[in-house]
Structures are given as C-alpha cells and as structure tokens.
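Data block below; observations after.
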Amino acid sequence: MDQIKYPVGTFSPDKDITPAKRTAWIAEIAGLPQSVRRAVQGLSKEQLDTPYREGGWNIRQIVHHLADSHMNTLIRLKLCLTEREPTITAYNQDAWALTADVLTVEPHVSVGILEGVHARMAALLSSLAPADFARTFRHPERGPMDVDLTLQTYAWHGRHHLAQISALRQRQDW
C-alpha cells in the first residue's frame, strides 16, 4: 500500500456494524469540516497549490473535492431514503478537480459548504431507524450500496483526505 496516497489505509468495510460504531462514524462526519478548516488554516497560495504527492491533487483540489463528493453523497442518501432503490448519477471526480472553480476559489468556500452539508448529513443519519441503514441506492459503477456502507465510506473518505493534507504539512514542516 502506498502510505502517501493512502495515509489511513485503503477503505475496508466493517462487517460487524453496531449502533455505537454508527454513532462514531456520524460524529466523524459531523467533525470533519472543523478539522479541514484547521488543516488548511494559514496556508499560502503556493502551499494550497502544492500536490500532496507526485501526480496527485493539490490541497485546494482536495478540499473542493471533499465538498463536491459529500454534496453528492447527501443527495444520494436523501434519494435512497425517499425512493425505492434509486439509480444515482456518477461523476468524473478527476474532471471535476480541473474545473475553474476548483482551481481558483479559496478553500474556505468549500469548507463552508462542508459545514452545511455535514450538519445536514449528521442530522439525517442520526435520525434514522436501524432498518433505514439497510436501504439502498444503485451506483452505476458499483451496484447496490446501502446506507451503512455509505456512512462508513464517507467517514473514511473524510479521514483519508484530511490525512493527505496533514501528512503533506508535516512532511513540508508547514
């Protein structure tokens, strides 16, 4: 495994899901925006535009990617909870990472998006009955995904990208 690309390890779903684990994952999602805000605080334009690894996204792109990805996730969860196994739309994250807004807008804008999206996501997930975590949506590339898997995936996803930023800051002594 590439420690720089996957500083927290690759995603592996937990098969032994408990209410306590769900609560911890929801708390992780709720806390991500503040952690990202702290991780990018005080960075210069040059630092924000530094890739976390050769061939990888820069810090600015990572923060905007988190907002893009997690906005999509909130919509997917709401569709999943209000429709019968909806098919969601996939998107090309690498192409999105090259759009003008991602390349030029200050990361604090996407941190603000994360604050709103994660507050909503945490409230929604905290309100679910145990049976709701088994509801599914159909991903066009991955097939059926349930709420439990989505919750775990996005708790890991936030931790993963936050660690990329933190590890770069540590390696560069920023």
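Derivation of every value follows stated rules applied to the coordinates shown; laboratory data play no part. Keep in mind the model is a prediction, meaning the values are calculated, not measured. Quick reminder, even Gly has a Cβ in these numbers, built from the backbone with ideal geometry, and neighbours come from all protein chains shown.
Sort out which residues of region 43-59 are closer than 13 Å to residue 172 by Cβ and not β-branched (Val, Ile, Thr), and write them in order of number.
We begin by selecting, within region 43-59, every residue closer than 13 Å to residue 172 by Cβ; these are 43-44, 46-53, 58-59.
Result: 43, 44, 46, 47, 48, 49, 51, 52, 53, 58.
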Subset of region 127-147 [in contact (Cβ under 8 Å) with a residue 40 or more places away in the chain, more than 20 Å from residue 69 (Cβ to Cβ) and part of a helix (DSSP H, G or I)]: 130, 132, 133
Some residue of region 41-61 being aliphatic (A, V, I, L, M), in contact (Cβ under 8 Å) with a residue 24 or more places away in the chain and within 30 Å of residue 127 (Cβ to Cβ): no
Matching residues in region 54-65 - criterion: being outside any helix (DSSP H, G or I) and farther than 13 Å from residue 160 by Cβ: 54, 55, 58
Test: residue in region 112-131 that is within 27 Å of residue 3 (Cα to Cα) and hydroxyl-bearing (Ser, Thr, Tyr): no
Of residues in region 84-105 being without any contact (Cβ under 8 Å) to a residue 40 or more places away in the chain and not in a helix (DSSP H, G or I), the one farthest from the chain's Cα centre (by Cα): 84
Index of the failed condition, residue 84 passing every other in (1) surrounded by 15 or more Cβ atoms within 10 Å (Cβ to Cβ); (2) over 23 Å from residue 51 (Cα atoms); (3) not hydrophobic (A, V, I, L, M, F, W, C): (1)
Pairs, first under 14 Å from residue 153 (Cβ atoms) in region 1-14, second basic (Lys, Arg) and outside any loop (DSSP other than H, G, I, E, B), C-beta under 7 Å, six or more apart: 8/159; 14/21
